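These notes concern the structure reproduced below.
What follows draws every value from the coordinates through simple rules; no lab data is involved. Quick caveat, the model's predicted, so the values are computed rather than measured. Here the Cβ positions follow ideal geometry from the backbone for every residue, glycine too, while neighbour counts run over all protein chains shown.
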Amino acid sequence: MVKVGLQISATLENIEEIKTCHPDYSFFLKLKCTNCGEESDKWHDITESERVQQSSRTPDGFNFYMKCKMCSRENTMDIIEGSNATYTSDDAGKMKTIVTFDCRGVEPTDFSPRSGWIVKSSENGQTFDNVDLSEDDWVEYDQKNNNSIGIYEFQSSFIKLKK
């Protein structure tokens with residue numbers, strides 16, 4: 001089993017923090033089978049609050065189950081409980097791990113942020129729910145502080161973590 005961290009980086013304008021609506025946020029990932037190297041061309045959604053049960057051997061199930069189309073290997077993935085982190089203004093411009101996946105036979109290769117982010121503007125400003133980052137940029141107006149806020153140059157990557 002391999003632990004893989006999803007890292008993000010962004011430029012933040014007048015924003016204190018961004019985070020996912022944990023544990024109901026759906027992480028949309030493209031995946032690769034580690035057995036045969038087959039990479040999926042479609043997006044798979046993985047949500048910590050949802051469990052998939054495949055057999056009586058796994059009564060608790062998994063957050064994600066997939067049988068590889070090429071080699072028929074059964075692969076699973078879980079979001080490690082408590083691994084969700086907030087990306088803050090102090091992190092702006094740097095890569096930071098925001099969630100960790102426990103991968104068995106499959107590894108993520110791409111991430112699509114989509115909607116479901118919570119954004120809190122600076123200086124006790126407004127909180128914006130269900131923000132969509134699918135365009136990698138997001139701009140809004142904080143009426144409480146009378147200034148524009150934004151998320152720019154959103155990027156993501158994956159890193160293998162030490163056990």
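Would you mind pulling out the separation of the Cα centroids of the range 1-45 and the range 90-125, in Å?
Here the answer is 7 Å between Cα centres.
Count the net charge of all other residues whose Cβ sits under 12 Å from the Cβ of S112, scoring Lys and Arg as +1 and Asp and Glu as -1.
-2
So what's the Cα pair-distance distribution over the range 119-163, bin width 5 Å, in %?
5, 18, 24, 18, 12, 8, 7, 4, 2, 0
Name the lysines eligible as straight-distance cross-link partners of K120: C-alpha to C-alpha under 26 Å, and not fewer than 8 places from it in the same chain.
The qualifying lysines are K19, K94, K96, K144.
Among the GluC sites (Glu not before Pro) within the range 38-132, which fall in a DSSP loop and have no more than 11 other Cβ atoms within 10 Å of their own Cβ?
E81, E123
Tell me, in nm to one decimal, what length is gained between S72 and E123 on full extension, where the rule is 0.36 nm per residue of separation less the Cα-Cα distance?
That works out to 13.1 nm of additional length.
Taking the Cα centre of the chain as origin, sum charge times position over the Cβ atoms of Lys and Arg (+1) and Asp and Glu (-1), and report the length of that vector in debye to the nearest 20.
Result for the chain is approximately 1000 debye, rounded to the nearest 20.
At a temperature of 37 °C and a viscosity of 0.692 mPa s, determine how fast the chain diffuses translationally according to Stokes-Einstein, using the Kirkwood radius over alpha-carbon pairs as Rh; express D in µm²/s, rounded to the nearest whole number.
196 µm²/s
Please enumerate, by chain and number, the lysines with C-alpha under 28 Å from the C-alpha of K69, excluding those fewer than 8 residues away in the same chain.
Partners within reach: K3, K30, K32, K42, K160.
How high is the relative contact order of the chain, in percent, counting Cα pairs under 8 Å that sit 6 or more residues apart?
Taking the mean separation of contacting Cα pairs over the length of the chain, I get 36 percent.
For a quick check: sort M66, M95 by the number of other beta carbons within 10 angstrom, fewest at the front.
With the sparsest Cβ surroundings first, the list reads M95, M66.
Cβ under 10 Å from S121's Cβ, S121 left aside: what net charge do those residues give with Lys, Arg +1 and Asp, Glu -1?
In short, -4.
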